[in-house]
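Asker: Once you've had a glance at the structure underneath, I'll fire off some questions.
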Number of protein chains: 4
Amino acid sequence: MSCVASAGAQQHADGGPRVIVAGATGFTGALAAHLLWRHPDFELVAVTGRSELGRRLADVYPRYRVPLTIEPLELERLHGIDAAVVAYPHAAAAPTVGALRDLGARVVDLSADFRLGSLPTYERWYGEHPRPELLGDAVYGLTELHRERIADAAIVANPGCYPTASLLALAPLARAGLIADVVIDAKQGISGAGRVFDETTHLSIAGENIVPYKVAAHRHTPEIEEQLAGLDPAHPDLRVQFQAHLVPLDEGEMASCYVTTTRPVAAEELRAMYADAYAREPFVEVVDTPPGVLEVRETNYCRVFAAADEHTGKVVAFGAIDNLWKGTSSQAVQNLNLMFALPETRGLL
Amino acid sequence: MSCVASAGAQQHADGGPRVIVAGATGFTGALAAHLLWRHPDFELVAVTGRSELGRRLADVYPRYRVPLTIEPLELERLHGIDAAVVAYPHAAAAPTVGALRDLGARVVDLSADFRLGSLPTYERWYGEHPRPELLGDAVYGLTELHRERIADAAIVANPGCYPTASLLALAPLARAGLIADVVIDAKQGISGAGRVFDETTHLSIAGENIVPYKVAAHRHTPEIEEQLAGLDPAHPDLRVQFQAHLVPLDEGEMASCYVTTTRPVAAEELRAMYADAYAREPFVEVVDTPPGVLEVRETNYCRVFAAADEHTGKVVAFGAIDNLWKGTSSQAVQNLNLMFALPETRGLL
Amino acid sequence: MSCVASAGAQQHADGGPRVIVAGATGFTGALAAHLLWRHPDFELVAVTGRSELGRRLADVYPRYRVPLTIEPLELERLHGIDAAVVAYPHAAAAPTVGALRDLGARVVDLSADFRLGSLPTYERWYGEHPRPELLGDAVYGLTELHRERIADAAIVANPGCYPTASLLALAPLARAGLIADVVIDAKQGISGAGRVFDETTHLSIAGENIVPYKVAAHRHTPEIEEQLAGLDPAHPDLRVQFQAHLVPLDEGEMASCYVTTTRPVAAEELRAMYADAYAREPFVEVVDTPPGVLEVRETNYCRVFAAADEHTGKVVAFGAIDNLWKGTSSQAVQNLNLMFALPETRGLL
Amino acid sequence: MSCVASAGAQQHADGGPRVIVAGATGFTGALAAHLLWRHPDFELVAVTGRSELGRRLADVYPRYRVPLTIEPLELERLHGIDAAVVAYPHAAAAPTVGALRDLGARVVDLSADFRLGSLPTYERWYGEHPRPELLGDAVYGLTELHRERIADAAIVANPGCYPTASLLALAPLARAGLIADVVIDAKQGISGAGRVFDETTHLSIAGENIVPYKVAAHRHTPEIEEQLAGLDPAHPDLRVQFQAHLVPLDEGEMASCYVTTTRPVAAEELRAMYADAYAREPFVEVVDTPPGVLEVRETNYCRVFAAADEHTGKVVAFGAIDNLWKGTSSQAVQNLNLMFALPETRGLL
C-alpha cells in the first residue's frame, strides 16, 4: 500500500516529548506506534525493527497510517529522545531497555522482563535474567494499582494482558483479604498470538475453534500471584489456577475468575466493594450485567462485573479488555501520559 | 430454495424403524431430522412443527436436504411409528412425550423435562413438572454412562450439551472419588442459542465478542451435580460452579474443568485412568494434547484431555464436542441406535 | 449495562451547534450519536427513537458510551436545535425531515428519500414520495462530489453505502467519459443488514456464508446511475449492473467495478487520473495495491484502487469503505462539519 | 493429538482399488485422504509428503482421523497401486504424475499442469511444461462436462475451484451460444489460500476483511476460457474478466457471473435451460432463490441460480461450492468413482 493522496495527512505533535517504538513490526509495537503517532502531545520520532527494514510502517500495517520508515535500532542516532516503548520478546528486551535508559530515556517495556519483583521467580519461569540489576528501577505498570509510582518510574514494566484483565477483576477482593482460592479461565482473540504465522493463527484452523493452550503451565501465573500478594499481604502464598484459551475473534479478552472466599460475601457488599474500588478510575467501568469484549474493543477500557453465587458460595468476577489495547499498547500510552504529567486519558478517548 | 434437479436424490431406508421428529424447525430438531433422513436403517416418516407449516424442511434449512413438509403434530396420524425425537422447549416437551409414549413410540426427548431424577430439584429450577409420573420411565441419555439402561428405555432424556461435555471430562475422576470441588467454565458457539433472533445471535454483536451468560444461575448445574453424585456416591452434596460463555463460532463447545482433588493425583495415574475409562468407547477420544473444538465439528466425537497441575495440585480436564451433534442431535441418534439394537455408530461415521 | 464508575466521563462540547439524532436505535443512528457525542464541536442534545424508550443509548449499545436517554420525537421540545441526523427507514424519513426543517434545523437524512433528483425514478423504485416539494432543497451528500453545495444545503441526502464505495471508485472514469458499460459486484459485512434479527443476521447462518441478495433488483442502482450521469453528461442512459452480497464480517464493504471503456486506457494514464482526482481529498486514499476493508474499518476513509486489464481491455476499480462509517454515519458527520464551517476532518481522525 | 482410545476405529475397505495420496500435507491432499480413508470401496494405502514425515496424518490434521503415517514418495514401494491423487504445486506435479503413470496407476492431478489443452497457453501463464508429451493423455476433470471421457482417462486434470463454480454456472448459457461477454467476480474462504502461513491467512488480518487478489492477472482465466470455447465453438475468442476475492470464512466459494448475452433471454427460457441442463446431475442443484455457500459446505454439491436482469438485459448466474470439496478433493473422488466404475455418488453423500 502506498498512499498517493494522503501521506502526511495525519496529525502529530511537534514540541512534545520525543518517543520511539523499538520493535514496531509486531502487533503491539505497531499499535503503540499508531497510538503515539496520532497522540496530540507526544512526537513519535522513530520506529525500529529487526525485519521489514526500509518499509514504511503504514505499508506493513495498512490499518495504521504511520508513514515512518522502519529502521534498525541504532542508539547513537537516538540521543535526545525522552521516552521509548520497547516491544521485544522476553529476555531480548532487557538489554535494550538498559541501553535506552543509559541514554536517559524513560522506558515502557512490554515484555515480561521487569514484571516480576522476585528474581528467583523470574529465573524459574524464564531462565537467566539478562539485566537483574535493573529490576529495582522498574515499576509494575498496571496503572490502576501503581499510579503514583508509575509517574516517577524510570522503567515501567507494562503488564501482560491476562494479568491486566485478571487483576482488575480481582483487586477489590484481594484488597479485602477475601481470596482463599481462585481459578482464572481466560479467553482471548487470535491477535493475542501476535504476528506469528502458523496453525495457531490460520483462519481455517483458528476460525471455528476454541483451543486451550499452555495447560497447567502459563507464565502469567507468577505475575498474577505476585500482584495479588501485594494487594493482600495476609495471603502471600496463594496459588492461582490460570488457564488460557484462544477463541475466534481478532481483539478481545475475557478473564473469568472463580473465587473461593475466606468468608461469605453478600451481593450488596460485593456491589459496593467494586463500585468504591473504581469510582474514580477513568478506564475501569463497573457494570451490573455481564460485559462482552466487543464493548471494549479498540479502547483502553476494562469492564468489570462481579456476582456472588448463592448455590456454591463462590464469587464470580469478570474482566473484559481489548488484549492489544488496555491489555498492552494503550495501557503503555496511559502510563506514558502519567510519566510525562499529561492527563491520563489524553489520546485515548 | 427449491431443488429443481435433486429432489429425492437422498437415500433413506424403507422397512427400518419408523421415526418422527417433533419440533423440527429448531436447530437441534432440524439436525436430528437430517441425520435420520440420511441414516441407513431408520425411516424418517414425518417432521412436525408449530411454525413454518407447509414448507419443506429443506427450504427452511437449505443445508439439510430433507424434502419432507413440516406438518402440525396430529397424533391420530402417527399410529404405527416406532420412535420419536422430541425437540420442544422445557415444560412444553413432557405432555407430548407422554402422548407419544401412549401411542407406543419410544421417545428421545431433547428437553430438560426428564433429565433430573429428583422432582424437587426439577421444580426448584423449572417450576411445576407437567408429567411427574413419567419420571420413573426415563433414563438419562448420556450414552457412555448409561448404555445398558438406554437400550431398554421407554423414554431417553437426552443430556444437555454442557453436561455432555462436562461429564465426559469428569467421569473418570468422579468414579474414582477424586472430586472435592470443581469449577466448570464452558464456551459454546452461537448455535447453542438456537434459532433465536436477537442481540445474542446477530453477527454484528456476537461476531467479535465473548459473553458470559446466566451468571451464577445456570440450569445445567443440577443435571451435572446429580450425575456426578451417581458416579461418586461418597460425595452426594458436591456443589458445581458452572459458568457458560458464548464465543463467535457456529458449532463447538469446550468444557474446561478445574478440579480440587480429594488426594494428590500423579500425571501417570491420571493418564491411565482416562485411557482405561474410554478404551472401548467408539466416540470418546482421549488425546494427549489439548483438543480444539474444530476437531469434533459435525461429528459425534468427544475429545477429552486431562492434566495435573503441579503448581496448584489441581487437575484440569477438558471436554470438546459439537454442541449440536454429540451435545444434542447425534447423541440422540446414538441412543436410538442402541434402543433399536443397531450398531452404536450406524449413520454417525 | 449501567456504568457505576464512568458515567459522564466522556467529553462533549457545550456552546457548539446543537444537534439531535432522530432514530438512534438503529445501527447507523446509534453510530452517528456516538460520533457526535465525542465530537469536540457539536453538542448532542437528544437521541430519539420509537423503541427502547426510556433506556440509555449506552445500555442499548454498550459499545457506545452515550449516556443520553432515548425519548420519543417531540418537535415542541426541540426548538433551538441547529441540526439533525435522521436515521429512519425510507418513506418514513421524509415527513420528519420536513418537520425538522420547519423548525429551522439543517438536516442530514440517512434514508433514500432525497437521494434521487428525479421524482419519477423515486416513484418507480419506492412508490409515492411523501414530501416531493422538498426534493429541490436537497443536495446529494457524497462529500467528495458535491462539497460546495453541501456546505450551504438545507437538506443533505446522505448517500447509500453502496453508492459511496462505487461512485468513489468510478468517479474519475466517469468524469473522463470513459464508462461504456459497468458491472459492480459489492460485498458487505452483516452490519449492512442493520439491527434486524432474522436468518440474514444470525451468526450460525450468516457466519460461514456468502449470500447474494436482491438479485437483479437493487434499489441503489438508480442512485448510482443518476450520479454517474451527472459526472458524465455524454452518457446519460448508462445502465449499471449492480449486485450486492453479504459476507461474514461485521463492518466493511468492497465495491468491485468492471468497466468496459469507451476507448483503451493505459496503466499510466489510469494511475495519473486517480492520483489527480483525489490528490487533495482528506478521506480518499488512492493506493497502488488492492486494498482490504480492514484497512478502513471504523474510519471515514475510502481506499480506491484501479487497474487496466491487458487481457480483456477492461478497467477494474475497487472502492473499500466501512459501510457504517464512510458508508453512512461518519460521512454524515463529515457533511455536518462542512455545513457548520468546521474543518472537514474534525472529530473524524 | 494421539488418540489413545480410538485408533483404528475408522472403517476402510480391503480389496477395493488401492489408492495413494501424494502430497497429503496440504489442505486438499489431506481432505482427499480423509475422503478416501472413509470411502467404502477404495483402500487408501499410503499418504506421502515432503514435510511432516513420520507424523501420522491424524496428528497433522486432527479433524481428519486418518492414522496413516506420512512417508516420502518412493516409487519402488508403490507397485500394485491402482490409482493416485497428486496434490502438488503447479509444475511440480507433472513429473510425479508421469512417474505414477509409468507404474500403471491412474492419476487424478489436482494441479494445473494438465488442465489446459493448449501448450502455448500453458507456457504463457506458467512457463515451460515439464512433461508436455502427457497432455494428450489427460482429460479435464469437471465431471459434469466430461463424464464419459473421465471414465476412461489415464490422467484426470481436476479443475481449479474457481473454474468449477464458474463453469457450472455458465455452461447452459455457453452451450446455447449466448455468452457475448462475461465478468466473473468470485469470493472464496481462506482455505482457498491453503496451508500457507502469512498475512493472507492470519485471522487477525483476514478475519474482518475482504481482499481482492491477483487483480487483472488470474491464472484460472485461460482454463475457464478454454472450456467455454469447447462448449460454444462459435465464440472461440471470448475473453473472460475474472476476479478473485478472499472473504473471512473457512470453506466456501461463490462465483457471481455477469453475462452480456448475444440475444435477449426471457426469464422462463432461462429457467428451463438450467433445469434441463442439470436435471439428471446428482451433484448440481438448480435453485430458485440465490444460494449461500453454507448450503454446500463440506459437500460435493454445487448450487446454481440464474436470473435475467430486465433493467440491463444481462443474465446474472451464480455457482456456489465448497472450494475444498466440489472445488477440489471431493470432485477428485467423484472422478475416481467414475474411473473405477463405481456409482458416482459413492462415499460422497
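Asker: Across the residues of D:190-202, average count of Cβ atoms on other protein chains within 10 Å? Walk me through the intermediate numbers first.
Answerer: Working: counts 6, 5, 1, 3, 2, 4, 2, 8, 3, 6, 3, 9, 15.
Average neighbour count from other chains, rounded to a whole number: 5.
Asker: Take the alpha carbon gyration tensor of segment B:101-172, find the square roots of its eigenvalues, order them as a ≥ b ≥ c, and report rounded if a/c is under 1.5; if not, report prolate when a/b exceeds b/c, else oblate. Don't skip to the answer; put the middle values down first.
Answerer: Numbers: a/c = 2.14, a/b = 1.16, b/c = 1.85.
Oblate.
Asker: Run through the other copies and list how far each one's label point is from that of D:E52, in nm with one decimal, shortest first; the point sits 7 Å from Cα along Cα-Cβ.
Answerer: Here the equivalent label points are 2.9, 3.6, 4.6 nm apart from this one.
Asker: Work out the charge dipole of segment B:1-151 with +1 on the Cβ of Lys and Arg and -1 on the Cβ of Asp and Glu about the Cα centre, then indicate which of B:L36, B:P89, B:W125 is farthest towards its positive end.
Answerer: Towards the positive end, the residue furthest out is B:L36.
Asker: Dipole size in debye (nearest 20) for segment D:76-219 around its Cα centre, Lys and Arg Cβ +1, Asp and Glu Cβ -1?
Answerer: Numbers: 13 positive and 17 negative charges, 33 e Å.
Here segment D:76-219 has a charge dipole of around 160 debye.
Asker: Suppose R0 equals 25 Å. What FRET efficiency, 1/(1 + (r/R0)^6) with r the Cβ-Cβ distance, do C:S51 and C:L75 give to the nearest 0.05?
Answerer: On the way: r = 19 Å, r/R0 = 0.76.
According to the calculation, E is roughly 0.85.
Asker: In addition: Where Lys and Arg each count +1 and Asp and Glu each count -1, what net charge lies around D:Y64 among other residues with Cβ under 11 Å from its Cβ?
Answerer: On the way: positive: D:R38, D:R56, D:R63, D:R65; negative: B:E295, D:D59.
Taking every Cβ under 11 Å from that of D:Y64, the sum is +2.
Asker: Could you tell me how many degrees, from 0 to 90 and to the nearest 10, lie between the Cα long axis of helix D:27-37 and the main elongation axis, the longest principal axis, of the Cα atoms of chain D?
Answerer: Helix D:27-37 sits roughly 70 degrees off the main axis of chain D.
Asker: Compute the distance in nm between two label points, each set 7 Å from the Cα along the Cα-to-Cβ direction, one at B:R346 and one at D:H311.
Answerer: Once both label points are built, they end up 5.5 nm from each other.
Asker: What is the angle, in °, between the Cα long axis of helix B:330-339 and the longest principal axis of the Cα atoms in chain B? Nearest 10 is fine, range 0 to 90.
Answerer: 80 degrees
Asker: Continuing with the same structure: Please state the Cα pair-distance histogram of segment A:49-142 with 10 angstrom bins from zero: what percent is in each bin?
Answerer: For segment A:49-142, the binned pair fractions read 15, 41, 30, 13, 0 percent.
Asker: If the limit is 32 Å between Cα atoms, which of A:K214/A:K326; B:K214/C:K214; A:K214/C:K326 go over it?
Answerer: Among A:K214/A:K326; B:K214/C:K214; A:K214/C:K326, the Cα-Cα distance tops 32 Å for B:K214/C:K214; A:K214/C:K326.
Asker: Using only the Cα atoms of segment B:82-122, what semi-axes does the equivalent ellipsoid have when each is the square root of 5 times a gyration tensor eigenvalue? Give whole Å, largest first. Show your work: numbers first, answer last.
Answerer: Details: eigenvalues 69, 21, 14 Å².
Square roots of five times the eigenvalues give 19, 10, 8 Å.
Asker: Follow-up. Mind listing the phi-derived Karplus ³J(HN,Hα) values for segment A:209-217, rounded to whole Hz, using 6.51, -1.76 and 1.60 with θ = phi - 60°, and x for any glycine or proline?
Answerer: Taking θ as phi minus 60°, the curve returns 9, 9, 9, x, 9, 6, 5, 6, 6 Hz for segment A:209-217.
Asker: Shortest first and in nm with one decimal, please list how far the A:R147 label point sits from its counterparts in the other copies (point 7 Å along Cα→Cβ).
Answerer: Its label point is 4.3, 6.2, 7.5 nm from the equivalent points in the other copies.
Asker: Would you please give the FRET efficiency between C:D102 and B:A180, computed as 1/(1 + (r/R0)^6) with r the Cβ-Cβ distance and R0 = 60 Å, to the nearest 0.05?
Answerer: Numbers: r = 73 Å, r/R0 = 1.21.
Efficiency for this residue pair is about 0.25.
Asker: Using Cα springs under 10 Å in a Gaussian network model of chain D, which residue among D:N300, D:N209, D:N337 shows the largest mean-square fluctuation?
Answerer: D:N209
Asker: Let me ask something else about it. About the Cα centre, and with charges only on the beta carbon of Lys, Arg (+1) and Asp, Glu (-1), how big is the dipole of chain C? Nearest 20 debye, please. Before the final figure, lay out each step's value.
Answerer: On the way: 29 positive and 44 negative charges, 93 e Å.
The calculation lands at about 440 debye.
Asker: Let me ask something else about it. Between the label point of A:A272 and that of the same position in each other copy, find the distances and list them shortest first in nm, with every label point placed 7 Å from Cα along the Cα-to-C-beta direction.
Answerer: Result, one decimal in nm: 5.5, 7.7, 8.3.
Asker: Here is a follow-up. Using Stokes-Einstein with the Kirkwood hydrodynamic radius over Cα pairs, what translational diffusion coefficient do you get for chain C at 20 °C and a viscosity of 1.002 mPa s, in µm²/s rounded to a whole number? Show your work: numbers first, answer last.
Answerer: On the way: Rh = 20.6 Å.
Answer from the Stokes-Einstein relation: 104 µm²/s.
Asker: Find out how many positive minus negative residues lie around C:Y278, taking Lys and Arg as positive, Asp and Glu as negative, among other residues whose Cβ is under 10 Å from that of C:Y278.
Answerer: Values: positive: C:R280; negative: C:E144, C:D276, C:E281, C:E285.
Neighbour charge sum, excluding C:Y278 itself: -3.
Asker: How large is ³J(HN,Hα) for each residue in segment C:77-91, as worked out from phi by the Karplus curve 6.51 cos²θ - 1.76 cosθ + 1.60 (θ = phi - 60°), to whole Hz, x for Gly and Pro?
Answerer: My calculation for segment C:77-91 gives 8, 10, 4, x, 6, 9, 7, 9, 9, 10, 10, 10, x, 4, 6 Hz in order.
Asker: Moving on. Per-residue Cβ counts within 10 Å, from other chains only, averaged over A:314-321: what number is that?
Answerer: Details: counts 5, 1, 7, 1, 6, 0, 4, 0.
Averaged over the peptide's residues, the number is 3.
Asker: Given Cβ point charges of +1 (Lys, Arg) and -1 (Asp, Glu) and nothing else, what value in debye, to the nearest 20, does the dipole of the protein assembly as shown about its Cα centre take?
Answerer: On the way: 116 positive and 176 negative charges, 0 e Å.
Roughly 0 debye, rounded to the nearest 20.
Asker: Can you pull the one-decimal nm distance between simple spin-label points at A:A154 and D:R124, each 7 Å off the Cα toward Cβ?
Answerer: About 6.9 nm, to one decimal.
Asker: Still on this structure: Report ³J(HN,Hα) in whole Hz for each residue of segment C:117-123, in order, from the Karplus equation J = 6.51 cos²θ - 1.76 cosθ + 1.60 where θ = phi - 60°; Gly and Pro get x.
Answerer: Coupling constants for segment C:117-123: x, 8, 4, x, 5, 4, 5 Hz.
Asker: Could you tell me the calculated FRET efficiency between A:E268 and B:R239, based on Cβ-Cβ distance and R0 = 30 angstrom, to the nearest 0.05?
Answerer: Numbers: r = 22 Å, r/R0 = 0.74.
The value I calculate is 0.85.
Asker: Could you state, as a whole-number percent, how many of the C-alpha pairs of segment D:255-349 are farther apart than 16 Å?
Answerer: Details: 2664 of 4465 pairs.
Considering segment D:255-349, 60 percent of its Cα-Cα pairs are separated by more than 16 Å.
Asker: Whose amide H sits under 5 Å from the amide H of B:Y140, counting only residues 5 or more places off or on another chain, with H placed in the peptide plane?
Answerer: Amide H neighbours of B:Y140, under 5 Å, 5+ apart: B:A157.
Asker: For q = 0.14, 0.18 Å⁻¹, what log10 I(q)/I(0) does segment A:167-288 give under the Debye formula with an equal point scatterer on each alpha carbon and no solvent?
Answerer: -0.71, -1.01
Asker: Could you work out the mean count of beta carbons from other protein chains within 10 Å of each residue's beta carbon in C:281-290?
Answerer: On the way: counts 3, 3, 3, 3, 10, 5, 8, 4, 8, 9.
Mean inter-chain Cβ contacts per residue within 10 Å come to 6.
Asker: Something else about it: Classify the protein assembly as shown: rounded, prolate or oblate, from the alpha-carbon gyration tensor (a ≥ b ≥ c, eigenvalue square roots; a/c under 1.5 rounded; otherwise prolate if a/b is larger than b/c)?
Answerer: Working: a/c = 1.33, a/b = 1.01, b/c = 1.31.
Rounded is the answer for the protein assembly as shown, as its axis ratio a/c remains below 1.5.
Asker: Indicate the gyration tensor shape class of segment D:233-293 (rounded, prolate or oblate), computed on the Cα atoms with a ≥ b ≥ c the square roots of the eigenvalues: a/c under 1.5 is rounded; otherwise a/b larger than b/c is prolate and the rest oblate.
Answerer: Numbers: a/c = 1.92, a/b = 1.17, b/c = 1.64.
Oblate shape, in that a/c is at least 1.5 and b/c is the bigger or equal ratio.
Readers should treat all values here as calculations from the given coordinates under stated rules, not as data from a laboratory. Treat the numbers as computed from the prediction; the structure is a model and nothing was measured. A quick note on method: Cβ atoms are made from the backbone with ideal geometry, for glycine too, and the neighbour counts reach across all protein chains shown.
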